[in-house]
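A.B. asks: Take a look at the following structure, please.
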Amino acid sequence: MFNIETIRLLVLAVLFAPVAFAALVAIAGLSGYRVARRVASLGALLHLGMTVALAVPSVFVLMDRVGLETKAIKAPREFQPIFVPGDPSLDSGSYETTWNLFTVANGPSELPPSAIQFFVGIDGLNIWLVVLASVMTYIAVLVSHGSIRERAGGYYAWLFLLQSAIIGAFLSFDIVLFYIFFELTLIPAFFLIGCWGTGGGRRDAARKFFLYTLLGSLFTLVGIFGIVLTNPTPVSPNSPSKHQYMILANSKGQILFPKAGPVTFSISKLMQNVSTWNRTHAEKLNRATLLRIEATTAFEKANGKDPKIVQQAEAELKRADVEFQTVKTDRDDYKSLQYWLFFALIAGFVVKVPLVPFHTWLPATYSEAPVAVTLLFTGILAKLGTLGLIRIVIPLCPDMAVQQGLPVFGFLGALGIVYAAFCAYAQRDLKMLAAYSSVSHLGLLVLGTFTLTAEGLTGAALHMVNHGLTAGAMFALIGFLAERYRTTDMNQYSGLIGRFPKYAFWMFVICLASVGLPGLNNFISEMLLISALFTPETTQAVGYGFGVAAASGIFLSAWYTMTMLRKVFFGPLLLPPQPTAVPPRDMQPHEWVAFGLPAILCLILGVFPQPVIQSMRSDVNIIVRQTDEARARLETEKSLSR
Amino acid sequence: MLDPSTPIGMALIAAVLPLAGAVLAGLLACVRLGRFAHLPAILSFASASVISAVVLAGVAEGHDSLSISTDLGTWFSVGRLNVSFAFLLDPLSLIMLATVTFIATFIAVFSAGYMHGDPGYARYFSIMSLFVFAMCLLVMSNNFFMLLAGWEGVGLCSYLLVGYYYAKPSAAAAARKAFLVTRLGDVGLVLGIFLLWQVGGYETNFDAIFAHIAQYPPASGTITTICLLLFCGAIGKSAQLPLYVWLPDAMEGPTPVSALIHAATMVTAGVFLLARCAPLFVLSPEAGLIVACIGGATALLAGFLALAQNDLKRVLAYSTVSQLGFMFLALGCNGVISPKVAVVAAMFHLFTHAFFKALLFLGSGSVMHAMGNVIDMRKFGGLRKLMPWTHATFVIGSAALAGVPLLSGFWSKDQILHGLLEAGESHAKYHTMYFGLFAVALATACLTAFYTFRAYFLTFWGNERTPPEAHGHAHESPAIMLVPLVVLAAGALFVGVLVDPLTHWFGHFLERSPSITEAHTGYLAHSNMIEKPHEFSWFVAGLSTLAVAVGIGGATALYRRGGPEKVPPALKGLYSLSLNKLYVDETYGIAVVKPAEMLATTGRQFDGFLDAITRLITYLPRLIAALLRPLHNGLVQFYALGMVLGLAVFLTVVVFRSAR
């Protein structure tokens, strides 16, 4: 149907084309901002075309993935990216790459060396984010049309570099590569805020953003190395030539536990390793516990009988006890290590999302940054945090995600929904209102994610796309006013329906999408996220409180949004003093595209979300399988320890 | 998909037509043909109502349970949450569909005259069509999520229509209030839906959920919680206590919009929801009692508030709240008495109420049109000569609303009263409470008759007065506005007596709805009552006639000569309470709105505080540096001392460790 090699090239093109555009636009910028913005919008449009060309075959492949139901025996335990450049096999793919960036150590010759790889690929979780990144960058370029005139070449160049770094992080399946791209986003973001920001405190805001998120992600770096070092590839205890991920039973039915092999940086392999080590520890512990129970009963039975038998039983019991203690210490060590690694790993992501109370970099940044940059921040950069949760934190620390996720981070998410909604209501600036509204919606996303159910994770993956579209479009729409009147202070506007009816129409559509009106996109993902809070997995763990908090978001989001609409769009006309001699006009052609495109996508995703859901299903089920196993493991341990 | 050869295919076509009308009206505006925007709306409503009448005629005969469902593919489906575009055609949805489209047709015709020449003409008709579409979607849905789509859709359209005159601050405030107050109820509805999803075997379609609940009944506490949460949604949408406050304010929209909201779409949604979920409510007598009590309290309170209003439309608005309370009174009996009586009575009242309430609102719109958009009854009076047609139809509507015997309102109210009395006489758990509610209902009926005729006399009797805004050429409305009035008046006169008391067609048809048959099965399983045939009771009819007579008599005695207001001195206090709407809005403002706003401001300030803490943490390195800086003082002797001391400590430790 299509040539796989071409599509693999297309993956690379989607990733690196923005770098080329950046160089081009930087040169074009020398001859004025008009040339720069033309080149930039053409480049962004071209990129959108390439992304669509990539997305179409990917979605077809992803939707047809079979045998990936959670309950299927042969279901994979690891992410299986398709269209991986450098994949040795030609046809469907081996979900691996041979492109090593940096070889750390050579292990046994049969095993691939421990190497940081250039491992990028497509799966159900990232393909839609890549499309989103492409769409949002195009919109960002369009809304910068009139507002950026100084050093436009540099501005667009940094914008493209930001896009490239974000897409790189979306596509990475190597944990170090992911981290590199993740951090690379900081540099363009820093310059975009610091040099092209609108407010007086832009340098301070840029510094704050840079340091705060860097601090968070340094913890993540520690976590990444911890995870890599504690989860080496398991190898069979008997023959060093074989590596596998299963706990083996030999021909006599004895269970053979694996030994530690070389370390790996591939997220897919790390997932397998984490799963194997967890199961190994748990299995050992369960066996030791059972043995001890058996020995205890044997000892009790022997009581009062032949002293020889008693002695023997006692010795047996002692041995079982020692064995149990060793294994238990092992398991506890592994678990407490996982505990710390979980919190270290998640630190960078919760700052990036941001989750209340780690959101304080956001108000300053959003109010100082140019509108287009804010759009990219909330539309796609925030998704690095949420994707990090789903791609790295949960699969690599499944036990802790089950144990700590909902009580700690679910709670922060629920708190964020309510707290940020109240903060949003009290804002006087449109940008700040949109910023806090974004925090509130992302709180719901994180809360739903940590239910670790198919409904919640799918809802989260879908909400990333939906929230990106609506929150991004909201900032684009605010840019309309910022460009014309140089202010986004709500008190200076009133009755805009009469003055800008076409603009008001699009604003209403996006606002309604944002409050979760059925038929528009956010409704679907919000329903999925809330439903996840009513599954028995969740209600048994934390009751119904989080469900109530999430549902209250339905009202709260309407509360601040409708109040904003009343203030700004209804009532008698009031406008700030216009900065130009010519009165500003309603929608310009490029704005029709910038506002219409996301609005139409919102409608399509609201009515026909199933293809998107279908293409995510197999990958969500991979994670659910991991967490279901972790949940079962923890349940067994709990019941055995009693 | 939309196969016209099957009843449900036809019904779906009828439901989708208004959507096409909405799109077409919007497109007309884009090509500067906005002045023709009423055509797609009227045509689509009219053809939809003809189609639904044809469907109705096609399935009206027979005694079997009637329920045709169809599934037009998946909407979204993940894990245990599987939602499809599922539609259901049963007597309940069919009657709603027919009523909605029929009433909407005439409201649209009236609007074409009323809104003539308005700059937002196309916008008006486009949103109105969308409104009707959303309502059709709501009644045709076969699962809670489709229902929610229609439910929120009507909420949105009412928001847009109430805020139609966007430049008016009061309209903007009313629109926001309508949306937010109903949304508050929706939080409960959504919680109820998901709780039901959890205990209902993860089903989303109505029939599947009810079947699952019937087979595996959950704990009675759970089912009561679910019922009450669902009822929260109905409280918001159908303007019951304590969330009724949005409906009187919703008068800010154009008057035909009020007719639409009060008669056909929007507020009836809550009643429909409870009728649809009758199989659940049958299982929980506690929930039933609470529904009935809230309905009764709302009916009485709204009736009281309607007594002293000076705004004609506001009187009608409170009367809607009160009449909706009646419907919930009936629904609250569901389970205590057979749903075949309770739910049918509520739906019957909804049906007849749609006719006379639409009529009254359109009539008041006609008055308003003539009076230059003035609706304050103190500013005009004695209009019966000036506007003979409006007067004639208005008096019919008032009589029907008041429940004058033989008019349609009388029959439906009689069924409700009869149901309440029967509930009181039953041996169910809380049966004595229903006697009290019966008395409340009777008192409300009396109040209804009084305030309706007070408004009627103040408007049409006494000396002829017109406000200055009418510029002295107040006139009867054009034919395009009078025809709908006449048609609806005919409905108000005859529809009640034709469809039920004489033929019992309405009840028998509605009983074939699976919601009601299932509820009836549940009712029989839970109560050991022998089903009594529903008979006309002269006692109830006599009492209600007496109440109406007292009400109308009082109004005639006081207001026969039109305005101004005459209040017996003893009742001055009560009058001012009613006039000031019991200060409910003010109380809510102080008790809920202000605290929430203050909380928001506190939240914003706290956020600044959080930021300060973060900043403080960033000063930590600098602080540590400041502490350590004195050590680097540049004195070689100091460094040497440090070295020696350090070495000494190190050696001591080494020595002690090895010695141990």
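A.B. asks: Would you pull out the residues with amide H under 5 Å of B:Trp75's amide H, same chain only if 5 or more places away, H placed 1.01 Å from N?
C.D. replies: When sequence neighbours closer than 5 places are left aside, the close amide H contacts are B:Val83, B:Ser84, B:Phe85.
A.B. asks: Would you work out which of A:Ala426, A:Phe210, A:Cys602 lies farthest towards the positive end of the dipole of chain A? Charges go on Cβ: Lys and Arg +1, Asp and Glu -1.
C.D. replies: My answer, from the dipole projection, is A:Ala426.
A.B. asks: Once the other residues with Cβ under 11 Å from the Cβ of B:Thr320 are scored (Lys, Arg +1; Asp, Glu -1), what is the net sum?
C.D. replies: +3
A.B. asks: List the lysines whose alpha-carbon lies under 26 Å from that of A:Lys383, not counting same-chain residues fewer than 8 positions away?
C.D. replies: The qualifying lysines are A:Lys208, A:Lys269, A:Lys352, A:Lys431.
A.B. asks: Which of the pairs A:Lys284/A:Lys308; B:Lys572/B:Lys594; B:Lys413/B:Lys566; B:Lys385/B:Lys566; A:Lys284/A:Lys305; A:Lys284/A:Lys638 have their Cα atoms more than 20 Å apart in this structure? Don't skip to the answer; put the middle values down first.
C.D. replies: Values: A:Lys284/A:Lys308 30 Å; B:Lys572/B:Lys594 31 Å; B:Lys413/B:Lys566 29 Å; B:Lys385/B:Lys566 23 Å; A:Lys284/A:Lys305 32 Å; A:Lys284/A:Lys638 15 Å.
Among A:Lys284/A:Lys308; B:Lys572/B:Lys594; B:Lys413/B:Lys566; B:Lys385/B:Lys566; A:Lys284/A:Lys305; A:Lys284/A:Lys638, the Cα-Cα distance tops 20 Å for A:Lys284/A:Lys308; B:Lys572/B:Lys594; B:Lys413/B:Lys566; B:Lys385/B:Lys566; A:Lys284/A:Lys305.
A.B. asks: Each label point is 7 Å from the Cα along the Cα-to-Cβ direction; what then is the distance between the points at B:Leu406 and A:Leu574, in nm?
C.D. replies: With each label point 7 Å from Cα toward Cβ, the separation is 5.9 nm.
A.B. asks: Using the Cβ atoms and a cut-off under 14 Å, what net charge is assigned to the surroundings of A:Leu442, where Lys and Arg are +1 and Asp and Glu are -1?
C.D. replies: Computed value for this residue: +1.
A.B. asks: Tell me the relative contact order for segment A:228-368 as a rounded percent, counting alpha carbon contacts under 8 Å between residues six or more apart.
C.D. replies: Contact order relative to length: 17 percent.
A.B. asks: Radius of gyration and Dmax for segment A:228-368's Cα atoms, expressed in Å?
C.D. replies: 22.6, 85
A.B. asks: With +1 on the Cβ of every Lys and Arg and -1 on the Cβ of every Asp and Glu, and nothing else charged, how large is the dipole of the protein assembly as shown about its Cα centre, in debye rounded to the nearest 20?
C.D. replies: Working: 84 positive and 71 negative charges, 608 e Å.
Rounded to the nearest 20 debye, it is 2920 debye.
A.B. asks: Here is a follow-up. What average count of beta carbons from other chains do you get within 10 Å of the Cβ of residues in B:136-145?
C.D. replies: 1
A.B. asks: By per-residue mean of other Cβ atoms within 10 Å, what is the highest-first order of B:167-176, A:585-594, A:345-354, B:299-308?
C.D. replies: Peptide ranking by packing, descending: A:345-354, B:299-308, B:167-176, A:585-594.
A.B. asks: Summarise the partner chain shielding of A:602-610 as one whole number: the mean count of Cβ atoms from other chains within 10 Å of each residue's Cβ.
C.D. replies: Average neighbour count from other chains, rounded to a whole number: 3.
A.B. asks: I'd like the distance separating the alpha-carbon centroids of segment B:406-436 and segment A:199-235, in whole Å.
C.D. replies: Between the Cα centre of segment B:406-436 and that of segment A:199-235, the gap is 69 Å.
A.B. asks: In deg cm²/dmol and to the nearest 500, what is the mean residue ellipticity at 222 nm of chain B if only DSSP H runs of at least 4 residues count, each as -39500 (n - 2.57), divided by the residue total?
C.D. replies: When only DSSP H runs of four or more count, the value is -23500 deg cm²/dmol.
A.B. asks: Now for a different question. Would you mind giving the average projected area, over all directions, of the Cα convex hull of segment B:264-309 in nm² with one decimal?
C.D. replies: 3.9
A.B. asks: Taking the Cα centre of the protein assembly as shown as the origin and placing charges on Cβ (Lys, Arg +1; Asp, Glu -1), which of B:Asn580, A:Val465, A:Ile293 is farthest toward the positive end of the dipole?
C.D. replies: Farthest towards the positive pole: B:Asn580.
A.B. asks: In a solvent-free Debye calculation with one equal scatterer on each Cα, what is log10 I(q)/I(0) for chain B at q = 0.06, 0.07, 0.11 Å⁻¹, listed in the order of the q values?
C.D. replies: Values, matching the q order: -0.37, -0.47, -1.07.
A.B. asks: Please report the equivalent ellipsoid semi-axes of segment A:1-198, computed as sqrt(5 x eigenvalue) of the Cα gyration tensor, largest first, in whole Å.
C.D. replies: On the way: eigenvalues 240, 75, 41 Å².
Semi-axes from the Cα gyration tensor: 35, 19, 14 Å.
A.B. asks: What distance in nm lies between label points placed 7 Å from Cα along the C-beta direction at A:Ser641 and A:Ala23?
C.D. replies: 5.7
A.B. asks: Can you tally the net charge around A:Gly553? Count Lys and Arg as +1, Asp and Glu as -1, for every other residue whose Cβ sits under 13 Å from the Cβ of A:Gly553.
C.D. replies: Cβ neighbours under 13 Å give a net charge of -1.
A.B. asks: Still on this model: In square nanometres and to one decimal, what's the mean projected area of the convex hull around the Cα atoms of segment B:341-438? Could the numbers behind the result be given before it?
C.D. replies: Working: hull surface 31.6 nm².
Answer in nm², one decimal: 7.9.
A.B. asks: Counting only other chains, what is the mean number of Cβ atoms within 10 angstrom of the Cβ of each residue in peptide A:544-554?
C.D. replies: For this peptide, the per-residue mean of nearby foreign Cβ atoms is 4.
A.B. asks: Here's something else I'd like to know. So, in Å, what gap is there between the alpha-carbon centers of segment B:449-525 and segment A:529-562?
C.D. replies: 41
A.B. asks: Find which of A:Thr451, A:Gly32, A:Thr535 sits farthest along the positive direction of the dipole of chain A, computed with +1 on the beta-carbon of Lys and Arg, -1 on that of Asp and Glu, about the Cα centre.
C.D. replies: A:Gly32
A.B. asks: Treating only the Cβ atoms of Lys and Arg (+1) and Asp and Glu (-1) as charged, compute the dipole magnitude of chain B about its Cα centre; round to the nearest 20 debye.
C.D. replies: With only Lys, Arg, Asp and Glu charged at Cβ, the dipole is about 2080 debye.
A.B. asks: For q = 0.07 Å⁻¹, what log10 I(q)/I(0) does the protein assembly as shown give under the Debye formula with an equal point scatterer on each alpha carbon and no solvent?
C.D. replies: Listed by q, the Debye log ratios stand at -0.79.
A.B. asks: Restricting to bridges with both residues inside chain B, how much of the DSSP beta-bridge set is antiparallel, in percent to the nearest 5?
C.D. replies: Of all bridge pairs located within chain B, approximately 90 percent are antiparallel.
A.B. asks: Something else about it: Place a +1 charge on the Cβ of each Lys and Arg in chain A and a -1 charge on the Cβ of each Asp and Glu, then give the dipole magnitude about the Cα centre in debye, rounded to the nearest 20.
C.D. replies: 920
A.B. asks: Additional query: Quick one: check the C-alpha center-to-center distance for segment A:3-43 versus segment B:225-289, whole angstrom.
C.D. replies: Centre-to-centre distance over Cα atoms comes out at 56 Å.
Any read-out appearing in this document is the output of simple, stated calculations on the displayed coordinates, not a laboratory observation. Not measured: the values here are computed from a predicted model. Heads up, the Cβs are rebuilt from the backbone with ideal geometry, glycines too, and the neighbour counts pull from every protein chain shown.
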